[in-house]
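Shown next, in structure tokens, is the structure this report addresses.
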Amino acid sequence: MAKIIKIEDGQVFVGTANGELKQYGFEAFSFAPQVGDLVEVFESDDKVIISKTGVTAEAGAKSKVAAGLLGIFLGNFGAHNFYLGNNTKAVIQLLVSIIGGVVTCGVATIAVYIWALVEAILILTSQPGTKWSKDADGNELA
């Protein structure tokens, strides 16, 4: 696996797993390269093909572990959904937990916590590309 490090003057600089920095033209790519893309490089005698792995290394990527832990410890307040950008669902969890908890003597709060705990487990055990491994904007969790 390799990573696109820099794009300059029609050339793409790719850092390899063994620490090498290689330079390629845009024609070697089967996609529009961007800095941070994780790629696989296939080289033969006279040909180079570079394909995207489907995983992007983004500096601001949200953490799967952080989302899961927020769901476990603060899930009844919707903290994990606020973190992932699912604000409507988070507000519903927060209001049902607080207002519903007062009206039902805590039963609604317990129900929301179970809901959040199930979501936290789904987030922590999700495979890349699934609904539970992405934030509200569709970005893969790190």
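Remarks
- Residue, surrounded by the most Cβ atoms within 10 Å (Cβ to Cβ), within segment 114-142, restricted to residues that are part of a loop (DSSP other than H, G, I, E, B) and of a type in the set (Ser, Thr, Tyr): 126
- Considering each residue of segment 36-45 in turn, at least one proves to be over 20 Å from residue 140 (Cβ atoms), of a type outside the set (S, T, N, Q), without any contact (Cβ under 8 Å) to a residue 60 or more places away in the chain and surrounded by 14 or more Cβ atoms within 10 Å (Cβ to Cβ).
- Number of positions in segment 14-35 that are farther than 14 Å from residue 53 by Cα and surrounded by 13 or more Cβ atoms within 10 Å (Cβ to Cβ): 4
- Single condition residue 68 does not satisfy, out of (1) loosely packed, with under 15 Cβ neighbours inside 10 Å; (2) at pLDDT 95 or above: (1)
- Matching residues, segment 75-113, being polar (S, T, N, Q) and assigned to a helix (DSSP H, G or I): 76, 81, 87, 88, 93, 97, 109
- Yes/no for residue 85 being in contact with a strand residue (DSSP E or B) (Cβ under 9 Å, 6 or more places away or on another chain) and on the phi > 0 side of the Ramachandran plot: no
- Top-ranked residue in segment 42-65 [being of a type outside the set (D, E, K, R) and touching a helix residue (DSSP H, G or I) at 6+ places or on another chain (Cβ under 8 Å); ranked as modelled with the highest pLDDT]: 65
The values are calculated or read from the model by the stated rules, or taken from the named source; none is laboratory data. Nothing here was measured: the structure is a model prediction, and the numbers come from that model. Positions of Cβ are backbone-derived with ideal geometry, glycine not excepted, and every protein chain shown enters the neighbour counts.
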